[in-house]
Amino acid sequence: MNQTITDILERCSVRQYTAKQITDEELDLVLKAGLYAANGMNRQSSKIIALQNKEDIAVLSKMNANLFNYTKDPFYGAPTVLIVLSEKDCPTGVEDGSLIIGNMLIAARSLGLGSCWIHRAREEFASETGKSLLKKWGITGEYIAIGHCLLGYPAQSCKQNNPRKPNRIIKIR
């Protein structure tokens, strides 16, 4: 089978990471894959924040957990958290940012990295704390946060993906 298809079919959400940071080369390849995602009218209106600062990751983790009264780390100890933002006035911003995250998840799998998409970024960065973090990181303008992409080395092997539900494809010929 084609390696790209294999990576897509075998990708899974990793929920336990080692503390070891990924390499700069791995990070750069995942980020580049994200930038090459399809996007509406080639606007390229999204930004990716690559966060490896433990203190800022801890702040985001706490914010995310507080949004749904979760007591554990919703980032599962991942040493790298990628945050995808899209320009607020871009009509395809959510779709464009979602494709970026999808590309990065598959790229991570192809490199032997673990990854996981974590939601609630929109709520985090709509808050005053989130807005102050963006300002601290030099992000200006009006953006909506699409999601987080966790990256790291898996602490244990990922369980196989759940079987796909039947009857989800309709072919009209």
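The values are calculated or read from the model by the stated rules, or taken from the named source; none is laboratory data. All of these numbers come straight from a predicted model, not from anything done at the bench. Please note: Cβ atoms are built from the backbone with ideal geometry, for glycine as well, and neighbour counts cover all protein chains shown.
Tabulated results
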{"item": "Helices (runs of 4 or more DSSP H) lying entirely in the range 50-153 (those with 1 or more residues that are touching a Ser or Thr at 6+ places or on another chain (Cβ under 7 Å) and surrounded by 23 or more Cβ atoms within 10 Å (Cβ to Cβ))", "result": "93-110"}
{"item": "Qualifying position, being among the basic types (Lys, Arg), over 18 Å from ILE22 (Cβ atoms) and modelled with pLDDT of 95 or more, among LYS165, LYS135, LYS159", "result": "LYS135"}
{"item": "Any hit, the range 13-29, residues being among the small types (Gly, Ala, Ser), surrounded by 14 or more Cβ atoms within 10 Å (Cβ to Cβ), within 29 Å of THR129 (Cβ to Cβ) and in contact (Cβ under 8 Å) with a residue 12 or more places away in the chain", "result": "yes"}
{"item": "Subset of the range 1-12 [part of a loop (DSSP other than H, G, I, E, B) and either within 20 Å of GLY93 (Cα to Cα) or touching a residue at least 40 places away in the same chain (Cβ under 8 Å) (or both)]", "result": "ARG11, CYS12"}
{"item": "In the range 154-172, residue surrounded by the fewest Cβ atoms within 10 Å (Cβ to Cβ) [restricted to those that are in contact (Cβ under 8 Å) with a residue 12 or more places away in the chain and in a loop (DSSP other than H, G, I, E, B)]", "result": "GLN160"}
{"item": "In the range 33-43, the residues that are in contact (Cβ under 8 Å) with a residue 40 or more places away in the chain and either in a helix (DSSP H, G or I) or exposed (fewer than 14 other Cβ atoms within 10 Å of the Cβ) (or both)", "result": "ALA33, GLY34, LEU35, TYR36, ALA38, GLY40, MET41"}
{"item": "Test: LYS62 is in contact (Cβ under 8 Å) with a residue 40 or more places away in the chain and among the basic types (Lys, Arg)", "result": "no"}
